[in-house]
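Notes follow once the structure below has been shown.
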Amino acid sequence: MKNLLLATVSIVALDAVAPAFGADLAAQPVQPLYTIAPQPIAAAIYDWSGYYLGMNGGLGSSSNCWDFNGGTPEGCHDATGMTVGGQIGYRWQMGQIVLGVEGQGNWADLTGSNVSVAFSDVNLTKIDSFGLVTGQIGYTLDNVLLYAKGGAAVTSNTYHISSPLTGAQLGNSEHVLWGGALGAGIEYGFAPNWSVGLEYDHVFMLPGTVNFAASAGGTDRIRQEFDVITARLNYKFGGPIPLKY
């Protein structure tokens with residue numbers, strides 16, 4: 001009888017405690033799950049470093065002054081026209097400073113003439129082509145590059161003397177002049193590997209001495225310099241690498 005009473009009391013006590021224990025379990029807060037956020041990737045900065053290859057085209061104007069036997073002025077004339085060509089180079093970017101070297105070769109059709117004040121014949125100059133080998137220094141604002149350049153220049157020229165009355169040729173010579181070049185430009189990177197730009201160059205040549213046939217009357221010294229404005233399109237090999245942090 002005593003054992004039955006104890007068993008009954010135990011069951012009653014268990015029934016009273018179980019709801020309270022269940023309520024305590026239900027009241028426990030749910031622990032949140034923590035995840036690791038993905039690492040952000042920095043936006044790619046335009047990179048001007050690397051080899052590039054491109055094409056250019058524009059307008060040129062050359063001033064040419066002729067002196068007979070280096071002492072008698074015959075006058076000057078401008079030789080103007082169009083030019084088209086290409087360029088290849090390499091650039092190094094260090095922070096916002098960009099250094100580079102470039103070779104450029106252009107076909108040209110810059111032609112002009114004047115009547116000699118000394119002999120009344122017609123002196124004609126035509127620049128057939130020119131080349132530039134220059135160094136560059138620039139400053140970049142992300143995908144915009146401002147630069148200056150300077151170096152050596154060479155021109156291929158045709159000199160022609162003719163009669164003003166009949167147009168008959170009195171003398172003709174093809175000649176190469178060497179000199180220097182200074183220029184400046186701006187370039188805009190519109191894609192990771194592509195850029196467009198606008199460039200101005202001033203080219204000054206050493207005087208050239210040209211010997212004509214006897215019918216032309218002797219030797220002329222020709223002083224030449226010219227200005228060129230070109231639009232440029234470049235493709236750069238390689239591209240920027242996004243930086244993680």
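The values are calculated or read from the model by the stated rules, or taken from the named source; none is laboratory data. Bear in mind the structure is a predicted one, so any value in this text is a computation, not a measurement. Please note: Cβ atoms are built from the backbone with ideal geometry, for glycine as well, and neighbour counts cover all protein chains shown. Ligands, DNA and RNA are excluded from the accessible area calculation, which covers all protein heavy atoms including side chains. Shrake-Rupley method; radii C 1.70, N 1.55, O 1.52, S 1.80 Å.
Descriptive notes on the structure:
- Only listed residue being under 20 Å from the mean Cα position of the chain (by Cα), free of Cβ contacts under 8 Å to residues at least 60 places away in the same chain and open to solvent by 40 Å² or more (accessible area, probe 1.4 Å), chosen from Q104, Q96: Q96
- Scanning the stretch 202-238 for residues that are at pLDDT below 85 and not in a strand (DSSP E or B) yields a count of 8.
- Failed criterion for Y34 (all others in (1) among the hydroxyl-bearing types (S, T, Y); (2) modelled with pLDDT under 95; (3) surrounded by 14 or more Cβ atoms within 10 Å (Cβ to Cβ) hold): (3)
- Checking G89 against (1) closer than 24 Å to A231 by Cα; (2) touching an Asp or Glu at 6+ places or on another chain (Cβ under 6 Å); (3) surrounded by fewer than 17 Cβ atoms within 10 Å (Cβ to Cβ), the condition it does not meet: (3)
- Being part of a strand (DSSP E or B), touching a residue at least 12 places away in the same chain (Cβ under 8 Å) and surrounded by 16 or more Cβ atoms within 10 Å (Cβ to Cβ) is a description that applies to I127.
- The listed residues are I241, I186, I137, and the only one of them that is out of contact with any Phe, Trp or Tyr (no Cβ under 6 Å at 6 or more places or on another chain) and modelled with pLDDT under 90 turns out to be I241.
Here's the yes/no breakdown for (1) of a type in the set (G, A, S); (2) at positive phi; (3) out of contact with any helix residue (DSSP H, G or I) (no Cβ under 9 Å at 6 or more places or on another chain):
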site: S163; (1), (2), (3): yes, no, yes
site: T166; (1), (2), (3): no, no, yes
site: N172; (1), (2), (3): no, no, no
site: H175; (1), (2), (3): no, no, yes
site: G183; (1), (2), (3): yes, no, yes
site: N193; (1), (2), (3): no, no, yes
site: L198; (1), (2), (3): no, no, yes
site: H202; (1), (2), (3): no, no, yes
site: L206; (1), (2), (3): no, no, yes
